[in-house]
1. Give me the dipole magnitude in Debye, nearest 20, for segment 1-118 about the Cα centre, with unit charges on the beta carbon: positive for Lys and Arg, negative for Asp and Glu.
2. Starting from the coordinates of the alpha-carbon atoms of segment 174-269, obtain the Kirkwood hydrodynamic radius over all distinct pairs and give the value in Å to one decimal.
3. Using a 1.4 angstrom probe, figure out how much accessible area segment 45-121 has per residue, in square angstrom, rounded to the nearest whole.
4. Only Cα pairs under 8 Å and at least 6 apart count here; give the relative contact order of the chain as a rounded whole percent.
5. If you stretched the chain out fully between Ser133 and His66, how much longer would it get, using 0.36 nm times the residue separation minus the C-alpha to C-alpha distance?
6. From the square roots a ≥ b ≥ c of the eigenvalues of the alpha-carbon gyration tensor of segment 118-177, which class results: rounded (a/c under 1.5), prolate (a/b over b/c), or oblate?
7. Take peptides 111-124, 153-166, 13-26 and line them up by average Cβ neighbours within 10 Å, highest first, as a rough protection proxy.
8. What is the percent carbon and sulfur in the accessible area of segment 16-158, measuring with a 1.4 Å probe over the protein chains and ignoring ligands?
Amino acid sequence: MDIREKPIGVFDSGLGGLTVVKEILSHLPNENIIFFGDTGRVPYGGRSKETIIQYVKDDMEFLLSHDVKAVVIACNTADSMAKEEVEKLYNVPVVGVVEPAAKKAAATSKNGRIGVIGTKATVRSGAYVKAISSFSPSAEVFAAACPLLVPLVEEGRFRKGDPVPEIVLREYLEPLKEKNVDTLILGCTHYPLLHDIVSEIMPDVNIICSGPASTEALIATLERDSLLSRSDNAGRIRYFVSDSPDSFARNGSIFIGREIHGSVSLVNF
Ligand code: DGL
């Protein structure tokens, strides 16, 4: 098979990575995609580095068993904890979410004060501070761990007008508002669903999400390696999960902005 027509593998700990798939689909509609959501083990964000690396190896090996031509780590937690390991172990182009979002933030911020929100593991890793400094050494980065947000989003509690996510987000964002950041990275692929509440709390701040930034990086990587599909047909997406396919199909459509039907399979590690 022509390597360019092989699928792109995308994985996340749960549903959040679908916000990245949504962007990939809107820019690369002819690519085939294999998505793996590790829904049986979500969330990753409160776990140790060793555990996250082990989970990420499982995720990578699953995708590689489907002969993917490139992998997108659509999970900030996995990317910040395990990217180096992944690049050492596997011989496939890998695109993450941290570096592309950091690059965009460094290019966008006018006052050099950048906020990042993410899981405990992402913030603890220091990956965003490191990546932003590599693009803009004088930038000041203020990172806040927000461990309650992934469970809220996975439970469908992200809509404007719902007092629960609003109260939680106000508490997490207040210290970043006080630091006068002009750019905020939503450093978790679950958080784009909270975008409207965030922008209400921080109306003058430029918000950066993983999906658009990593899709730009993916396109650049596929172009660099001559791996872009040549097909004129709409690409096919196959979804794999490690817990109930039904609940994934039910809850995932809001993340990806289209119905998920038929093609969700259960994976047992
Ligand atoms: N979606 C993942 C991320 O981007 C986090 C979810 C989790 O904690 O597993 O960080």
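1. 560
2. Its Kirkwood hydrodynamic radius stands at 16.6 Å.
3. 40
4. Worked out over the chain, it gives 27 percent.
5. 20.5 nm
6. Verdict is prolate for segment 118-177.
7. For the peptides 111-124, 153-166, 13-26, the packing ranking is 13-26, 111-124, 153-166.
8. Summing carbon and sulfur atoms, their accessible area is 49 percent of the total for segment 16-158.
The values are calculated or read from the model by the stated rules, or taken from the named source; none is laboratory data. Quantities reported herein were computed from a predicted structural model and do not represent experimental measurements. We place every Cβ from the backbone using ideal geometry, glycine too, and count neighbours over all the protein chains shown. Side chains are part of the model used for accessible areas, which takes the heavy atoms of the whole protein and leaves out ligands, DNA and RNA. Shrake-Rupley method; radii C 1.70, N 1.55, O 1.52, S 1.80 Å.
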